[in-house]
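This report refers to the structure that appears directly beneath it.
The values are calculated or read from the model by the stated rules, or taken from the named source; none is laboratory data. All values reported here derive from a predicted model rather than from experimental measurement. Here Cβ is always computed from backbone atoms with ideal geometry, including for glycine, and neighbour counts include all displayed protein chains. Heavy atoms of the whole protein, side chains included, go into the accessibility calculation; ligands, DNA and RNA do not. Shrake-Rupley method; radii C 1.70, N 1.55, O 1.52, S 1.80 Å.
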Amino acid sequence: MNKLKITETALRDGHQSLIATRLKTDEIIPILETMDQVGYYAMEVWGGATFDACIRFLNEDPWERLRLIRKHVKNTKLQMLLRGQNLLGYRNYADDTVEKFVELSIKNGIDIIRVFDALNDVRNLEASVKAIKKYNGHCQCAISYTTSPIHTPEYYLDLVKTMESMGADSICIKDMAGVLTPYKAYDLVKRIKEITDIPIELHTHCTSGIADMIYMKAVEAGVDIIDTAISPFSGGTSQPPTESLAITFAEMERNPGLDTEKLLEVAEYFKPIRDKYMADGILNPKVLLTEPQTLKYQVPGGMLSNLLSQLKQQNSEEKYEDVLKEVPRVRQDLGYPPLVTPMSQMVGTQALFNVLTGERYKLIPKEIKDYVRGNYGKSPGPISDEMRHKIIGDEEVITVRPADLIEPEFEKMKIEAGSLAKNDEDVLAVALFPQVAPKFLENKYNKTEVKKEDDNKIKFINVTM
């Protein structure tokens, strides 16, 4: 049998899940060459919220981070997460912008792009897949896993065949909420392996307390790759620990063959960094706790804590259980969308409004209206005429691919970015995060100019002395 492969997530999803994506580049760089010797199949290092966090909170250039990581990682594939037509932002972008982003991601160092759509609407993957193939990247299409009356094994098998026909080089079962269970994982992987020869990867979270068992059964069923996080950034709302699973699976025929001594070095390096974030309060111990209600309500761990925080702000903590019970009802009303960004935030907010106002759909966020209009893509299941009328009245629902309604925009974005953007990477930063990127770029280049002036003064003084 083929060797089990392991993707390390600590540099993206691990710290995104536990410390709100706050790892700094200078905390990452010193350990990269050691990580590169571990024997990982890939290291997930970019995408998701890393881009946003870099410019919004860390005052770092995310493109420069990627280039630095690539410089230090010579043997291991670098992987990123992409939200299909949303890229890393929160709206659909035109196809030319999607292509440019994919092109520059690969040019700056990415090997594997894991691309998903929150609704599993494959039309929202088309532009990304085409661009990844055009620029010779590895295209991994991800299934947003969820459970509902329509999300049957047959639903997922059809999705796999469609993704394969689109050009996927591999498929990821992306259990972003941690709601997959061990025996369902075994059955799903087994059935997928019967219909395709392309590699299958499994991604889950430890929130509900069963992630290790999920991986064990999936490996028994023949899954090719699993996602893990080095122990200091594992567990809770993150992935299972790399070292523990590497040792466990070393006892089987498909031994992943990771260097356990190097893994120990990596873990020891990250422990004081984790402890610092815990002392600072950025790593809240609550995110490390097991929450079986994830399985009961099918709500991701991060969404649970966010709902509780919002209720605290409204002095309505006693309504927490009511909101949790309302979430599945809202999902049903909206055609059972998977609870992944941005749908998890949208469904959670609607459930909160329904409970706090005491009247269902008295307050409806704009994003929910856009979803029902079809602006995010096709809902997985049908939305009743009654519910649609309650939310958008007699407005027409679009049935075309949402991006078909967006004119090419990248050249226009370059003009709008003006002198702030020194290159296409800067243009994309402004396009994805228009509220924060301009100020970031202004500071970045002003700082550079000041530094150069200071350097010149220092050189002048040295010469005269």
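Here are some notes:
- In this entry, M346 passes the filter for residues that are open to solvent by 10 Å² or more (accessible area, probe 1.4 Å), assigned to a helix (DSSP H, G or I), aliphatic (A, V, I, L, M) and free of Cβ contacts under 8 Å to residues at least 40 places away in the same chain.
- Scanning region 74-92 for residues that are modelled with pLDDT under 95 and in contact with a Gly (Cβ under 7 Å, 6 or more places away or on another chain) yields one hit, L88.
- Output for region 56-73, where each listed residue is open to solvent by less than 10 Å² (accessible area, probe 1.4 Å) and part of a helix (DSSP H, G or I): P62, W63, R65, L66, I69
- Whichever residue in region 387-435 is in a loop (DSSP other than H, G, I, E, B) and of a type in the set (A, V, I, L, M) and, among such residues, is nearest to the chain's Cα centre (by Cα): I406
- Strands (runs of 3 or more DSSP E) wholly inside region 103-196 that include at least 2 residues being polar (S, T, N, Q): 138-144
- Cβ pairs under 9 Å, 6+ apart, first in region 174-189 and closer than 20 Å to L4 by Cβ and of a type in the set (A, V, I, L, M), second at pLDDT below 95 and part of a loop (DSSP other than H, G, I, E, B): L180/T147
- Some residue of region 323-340 being among the hydroxyl-bearing types (S, T, Y) and surrounded by fewer than 18 Cβ atoms within 10 Å (Cβ to Cβ): no
- Any hit, region 144-156, residues being surrounded by fewer than 22 Cβ atoms within 10 Å (Cβ to Cβ), of a type in the set (S, T, N, Q) and more than 25 Å from G178 (Cβ to Cβ): no
- Filter result for T294 (surrounded by fewer than 21 Cβ atoms within 10 Å (Cβ to Cβ) and either touching a residue at least 24 places away in the same chain (Cβ under 8 Å) or of a type outside the set (S, T, Y) (or both)): no
- Candidates G257, G235, G302, filtered to the one that is among the small types (G, A, S) and touching a Gly at 6+ places or on another chain (Cβ under 6 Å): G257
- Test set (1) within 20 Å of T341 (Cβ to Cβ); (2) in contact with a helix residue (DSSP H, G or I) (Cβ under 8 Å, 6 or more places away or on another chain) - I106 fails condition number: (1)
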